[in-house]
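Here's the structure, in structure tokens; my notes come after.
A short reminder: the numbers here are calculations on the coordinates, not readings from a lab. Keep in mind that what you see is a predicted model, and the values were worked out from it rather than measured.
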Amino acid sequence: MVYLLLLISFLLHIIFFIILKSFNDRIKQSVELESMQKQHTKEIEDLLSVYLLEIKEENDSLLNAINNQEYPEDVELTKPSKIASIKGKNTASTMTGEKTTIRQLYQSKQVDETSLYTPPSIDEVQDTVEQTISGKVYTLYSQGDSIETIARKLDCGKTEIELMLKFHRKNS
């Protein structure tokens with residue numbers, strides 16, 4: 001009897017140590033996972049800060065270019081009279097119709113940045129609404145037309161019209 005109790009006690013101790021070991025492994029895994037997550041968040045923060053610095057440098061260079069009024073030389077305006085007429089000034093170059101670059105207009109202070117932009121025109125197109133076949137069937141049936149006349153008007157089968165009306169009655 002004593003041997004049996006000792007055996008049971010020994011087995012219970014072994015099971016307890018195995019369970020304790022598995023809990024300890026799980027705790028270690030969660031700690032490792034947490035440290036990996038902290039490392040990943042630090043890497044992501046570093047990448048974002050580098051990216052933000054690059055964007056800031058690009059913005060600064062763009063602002064410097066705008067402040068220095070660096071405009072491309074090769075862009076020519078084909079209708080300088082239109083641009084000058086926006087500001088209400090007529091010059092000799094606009095009256096003769098010569099080609100003028102954007103830089104020349106800005107240097108002569110004839111045009112500011114907003115006058116070069118022309119918004120796109122919006123073509124007003126009327127939307128058309130067309131009634132579906134089932135809508136036409138319900139409309140004609142409510143006006144008092146018979147199933148045969150509806151089928152002839154819509155060039156559909158008589159049974160198709162009957163089914164539509166039957167489903168409409170069932171749903172409503």
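Annotations for the structure displayed:
- Per-residue HN-Hα couplings for segment 24-41 [Karplus 6.51, -1.76, 1.60; θ = phi - 60°; Hz; x = Gly/Pro]: 5, 5, 5, 5, 4, 4, 5, 5, 5, 4, 5, 5, 5, 5, 5, 5, 5, 5
- Between Thr132 and Leu63, full extension at 0.36 nm per residue minus the direct alpha carbon distance yields a gain of 19.2 nm.
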